[in-house]
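Asks: I have a structure here, written as structure tokens, and I will follow up with some questions on it.
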Amino acid sequence: MNRTRIFLSALLLLIAANCAWSQRGMAPFDIHHGDAVPRDVRELYEQGLGYLSDTQTEKGIWQGGQTGAGVTGMALMTFLASGEDPNFGKYSQQVKKAVKGLVDAQDQKTGYFGGSMYHHGFGMLGLAEAYGAVDDRRIWSLNSKKSIAKSLELAVRCAITSQKKNSVGGWRYSPEASDADTSVSGAVLVGLLAARNAGIEVPDKSIDRAIKYYQSMTSDAGMVGYSGGMGGMGESLARSSIAGLVFAIARRKDLKQFKNTVNYLAGEVESDASGHYQSYTRYYQAQALFQGDMDAWAKWNKLLIERLKASQGEDGSFTGPFGKPTDTSLSLLSLALNYRFLPIYER
């Protein structure tokens, strides 16, 4: 009888732990983990993480090409998306150093991560995905005033203050900018939405205003303008993907603009981005298709795996115009929906 009670107690604790991880999108017994993830994906991902592990500096950052909080935030998400325990798992030291590197880079008065609002948005997103999963006590001393929560709250305040100065409700490179574009705005808005999902207070009016900006920039054909006052000005898989993603995670799939972007992207599922923004486009394309059309995503994902297998370097990296650390992180994150551990990757 005692053995039965012990077994049942252990089973209940196991179920409770699994449920707690599930609430953060990181269930250790998720059906998408293990053998359900294609072998090619696991091999590509593990080799890529090996490269990022080997090239992280002692300060927790990455150098080579683009450098800053955005690069650190992307790489941090890449490790979190692997499904390893972020506090005691294989990559716990890389996670710890990356979080510390992000917080150390932040202006403690303004909350700005520096570099540009691109960096601020991706840095905020990385911290939002770490919040609730990474134990602060393993990063700072007991008497330290630093924490992921405090840093994330400061980052959110900076983004909202910047938006209030903006004439159209978006963001551009500088936090003081009065105009906006749909690329920078996507980085910041996704960061804000991730922070809100993590439990940080983000005013609804800030999200609503940003969504209205994307509505105004989206044409009936699902194409999205870059900047200015009218949407649909030119074709871009990246911009349409960004718009579709922000509509989805803002819980506005009811909007016609969301449906328009999904229809456009589904019609281009065999197309592949080329040139300067290839890894950046794939990163957003993966998420937008996953949120909008699972069948289209499955087809596109299969093609993506083949393309990445053909382009991964011997050291596990991916080469592109942003520099190996950034292009490697973006490429791996475009695969990470096969794992579905990141909260931002939930449907």
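Asks: Looking at T319, T326 in this structure, which one is of a type in the set (V, I, T) and buried (at least 24 other Cβ atoms within 10 Å of the Cβ)?
Replies: T326
Asks: Can you tell which of R239, R196 is among the basic types (K, R) and crowded, with 21+ Cβ neighbours inside 10 Å?
Replies: R239
Asks: Oh, and also: So which residues in segment 97-133 are assigned to a helix (DSSP H, G or I), of a type in the set (A, V, I, L, M, F, W, C) and surrounded by 24 or more Cβ atoms within 10 Å (Cβ to Cβ)?
Replies: A98, V99, L102, V103, M117, F122, M124, L125, L127, A128, A130
Asks: A follow-up question, please. Quick one: would you say G170 is part of a loop (DSSP other than H, G, I, E, B), assigned by TED's automatic domain parsing to the domain that holds Y112 and at positive phi?
Replies: It is false that G170 is part of a loop (DSSP other than H, G, I, E, B), assigned by TED's automatic domain parsing to the domain that holds Y112 and at positive phi.
Asks: Follow-up. Pairs needed: first member in segment 78-101, without any contact (Cβ under 8 Å) to a residue 40 or more places away in the chain; second member anywhere, hydroxyl-bearing (S, T, Y) and in a helix (DSSP H, G or I); C-beta distance under 6 Å; at least 6 residues apart or different chains.
Replies: Taking only residues 6 or more apart or on different chains, not a single pair turns up.
Asks: Now, a different point. Among (1) touching a helix residue (DSSP H, G or I) at 6+ places or on another chain (Cβ under 9 Å); (2) under 23 Å from F122 (Cα atoms); (3) in contact (Cβ under 8 Å) with a residue 24 or more places away in the chain, which single condition is T319 missing?
Replies: In the conditions (1) touching a helix residue (DSSP H, G or I) at 6+ places or on another chain (Cβ under 9 Å); (2) under 23 Å from F122 (Cα atoms); (3) in contact (Cβ under 8 Å) with a residue 24 or more places away in the chain, T319 misses (3) alone.
Asks: Right, another one. Is at least one residue of segment 315-329 farther than 26 Å from G222 by Cβ, β-branched (V, I, T) and in contact with a Ser or Thr (Cβ under 7 Å, 6 or more places away or on another chain)?
Replies: Within segment 315-329 (the criterion being farther than 26 Å from G222 by Cβ, β-branched (V, I, T) and in contact with a Ser or Thr (Cβ under 7 Å, 6 or more places away or on another chain)), the answer is yes, since at least one residue qualifies.
Asks: For S311, are the conditions met, namely being within 23 Å of D181 (Cβ to Cβ) and not acidic (D, E)?
Replies: No.
The values are calculated or read from the model by the stated rules, or taken from the named source; none is laboratory data. Computed from a prediction, not measured in an experiment: that's the story for all the values here. Don't worry about glycine lacking a Cβ; one is built from the backbone with ideal geometry, like all the others, and counts go over all protein chains shown.
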